[in-house]
Amino acid sequence: MSSESEEQQLSKKAAKKEAAKLEKIRRRQEAAALASAASSLSVEEEDPYSSNYGDVTLPELKSCSKPDAGNWSMAISSMDWTRVGALTQELKEKEVLIRGRVHTTRPVSKNMAFVVVRERGFTVQCLVATHEAGVSRQMVKFVAALNRESIIDAIGMVSVPGNPIKGTTQQVEIHVRKLYCVNKAMPTLPINVEDAARSDAEIEAALQAGDKLPRVNQDTRLNFRVLDIRTPANQGIFRIQCQVGTIFRQFLLSEGFVEIHTPKLIAGSSEGGSAVFKLDYKGQPACLAQSPQLHKQMAICGDFGRVFEVGPVFRAEDSYTHRHLCEFTGLDVEMEIKKHYSEVMDIVDRLFVTMFDSLNEKCRKELEAVGKQYPFEPLKYKPKTLRLTFEEGIQMLKDAGVEVDPLGDLNTEAERKLGQLVLENYDTEFYLLHRYPLAVRPFYTMPCYDNALYSNSFDVFIRGEEIISGAQRVHVPEFLAERAQACGIDVNTISTYIDSFRYGAPPHGGFGVGLERVVMLFCALGNIRKTSLYPRDPQRITP
């Protein structure tokens, strides 16, 4: 290419950037002019329609039931609420009452303004114009001046515009006749929900067009989490999380399990090691439970047969990784074994296949909202979960040129590589690895009958990361005490646990999984802090 051609190309790029810059300035000036026009109306002018808008008074907010308590109380007294997400074309020409947040406002003139109302991730465009009955210029001015994220109630007629509405989830418009501010947000927010909801792709595309959009980093999001969780993606994430917990409960209840609630204040370590939060319990040393392990086993000894728990788990590990937290929600299961520890793996298989099927079917809108901000490929899994022995997994890694300790645990890199190999060879991202080396499992894990170096235990992986740990437990008290001592645990601190097996205990096993990790890996979110409502890690204990 000649130097002249290069110069022409550079000149075109520069001209394009300059044009984009000028257009941005023009839009800002236009918006400022419109806002100025909307605010120029005299406040002193008497308004015959003043009862149709305004701030809700404190007595009304105190649930005053008098019919004449105020304009807002009288306006909404005889109406039913309609959710923003339920506003469809079937409601055309119907009068509705909605509540939501001010997502954006756009003053057009003294006589017209738009406000986008958001409720639980759904948005609808509302038109406030003086050509509607009961709407004054003062009302338009009031609406144009509303702060973003303020809570408002609006009453109006549902309309279906001829052209698609850009930027809202609902393809209808509400022609407002009454609007009240229930609670004002501060004029300047630490972060804007609109900024927090943008994907990296949107930000990069804007940069290419010569426009710079704010990027809200992870720490800022967590510092102002109450604002961050209002984004459509976060609304989706935590509704998906709710569904995971619901399916977990429903499936296990249908399989004859009983939900239990174990103590979180215990006398000694439940998992071994020093990664516990220690505290003083009325003059006695105690700690927060690392898992419900000991007590769920004791429940099996108490003849419940099959139990599960959903509850907080505490780990004092200094793990600064994308998948570790100091507090998370544990989904724990324990069950009597009749013949073989594979019975526990059978439950894992059917439970999680049922869970994934249900999420894909019932959470389509939520998954779409998450994917819009954090694009991901749907999880690949089989109707019957793949099972490999630990030795088979090690061999796959060796064949791929990865050197690993055959009797050691898999590190993060080895887990990811094995996940990649399993995907290539078996076309699944969800699989089970069992017969782990005994040396890397907790003291209560039952050794294999045919090789004492291995154990009746398993881990489950999603997208190359470990998500579930499970095993058959040692239920013979003498052997259990021997195993505890070998692992450096003071037997006196778990004497009631060991004693519970002296009264007669059936063979049993179970597993545990972190709720946040399930959602993180199912949606390929890359950081567990995205799936913890208010994360607790080594550096964060607020908000």
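Taking Cα centre as origin and charging only the Cβ of basic (Lys, Arg, +1) and acidic (Asp, Glu, -1) residues, the dipole magnitude of the chain rounds to 1560 debye.
Adding -39500 (n - 2.57) for every DSSP H run of four residues or longer, then dividing by how many residues the chain holds, sets the calculated 222 nm ellipticity at -10500 deg cm²/dmol.
Here the accessible area is traced with a 1.4 Å probe on the protein chains. For the chain, carbon and sulfur cover 51 percent of it. Across all directions, the average projected area of the convex hull around the alpha carbons of the range 67-208 is 10.1 nm². Relative contact order for the chain: 12 percent, from Cα pairs under 8 Å spaced at least 6 residues apart, divided by residue count. Here the simple spin-label model places points 7 Å from the Cα toward Cβ, and for Thr496 and Glu413 these points are separated by 4.5 nm. Taking the DSSP beta bridges with both ends in the chain, the antiparallel portion is around 85 percent. With a ≥ b ≥ c the root eigenvalues of the C-alpha gyration tensor of the range 158-224, is it rounded (a/c under 1.5), prolate (a/b larger than b/c) or oblate? Oblate is the answer for the range 158-224, as a/c is 1.5 or above yet b/c matches or exceeds a/b. Estimated at the nearest 10 Å², the accessible area of Ile165 is 20 Å² with a 1.4 Å probe.
Stokes-Einstein, applied to the Kirkwood radius of the chain over Cα pairs at a viscosity of 1.306 mPa s and 10 °C, places its translational diffusion at 58 µm² s⁻¹.
Counting heavy atoms of the protein chains alone, Leu438 has an accessible area of about 20 Å² for a 1.4 Å probe. The trypsin sites (Lys or Arg not before Pro) of the range 451-524 that DSSP puts in a loop, and whose beta carbon has at most 14 other beta carbons within 10 Å, are Arg502. The mean accessible area for residues of the range 186-328, using a 1.4 Å probe and ignoring ligands and nucleic acids, is 49 Å² per residue. Out of Met298, Ser358, Phe238, whose Cα points farthest toward the positive end of the dipole of the chain (charges: +1 Lys, Arg; -1 Asp, Glu; placed on Cβ)? Value computed over the given set: Phe238. Here's how it looks for Glu327: its modeled amide H is under 5 Å from those of Arg315, Arg536, which are all 5 or more places away or on a different chain. Of all aspartates and glutamates in the structure, the ones whose alpha carbon falls short of 13 Å from that of Lys530, not counting any fewer than 8 places away in one chain, are Asp219, Asp228, Glu516. When a/c is below 1.5 the answer is rounded, else prolate if a/b is larger than b/c, else oblate, so apply that to the range 232-530 with a ≥ b ≥ c taken from the square roots of the Cα gyration tensor eigenvalues. Cα axes put the range 232-530 in the prolate bin.
The values are calculated or read from the model by the stated rules, or taken from the named source; none is laboratory data. Just so it is clear, the model here is predicted, and its values are computed rather than measured. For neighbour counting, all protein chains shown are included, and Cβ atoms are generated from backbone atoms with ideal geometry for every residue, glycine included. The accessibility values were calculated without ligands, DNA or RNA, using every heavy atom of the protein model including side chains. Shrake-Rupley method; radii C 1.70, N 1.55, O 1.52, S 1.80 Å.
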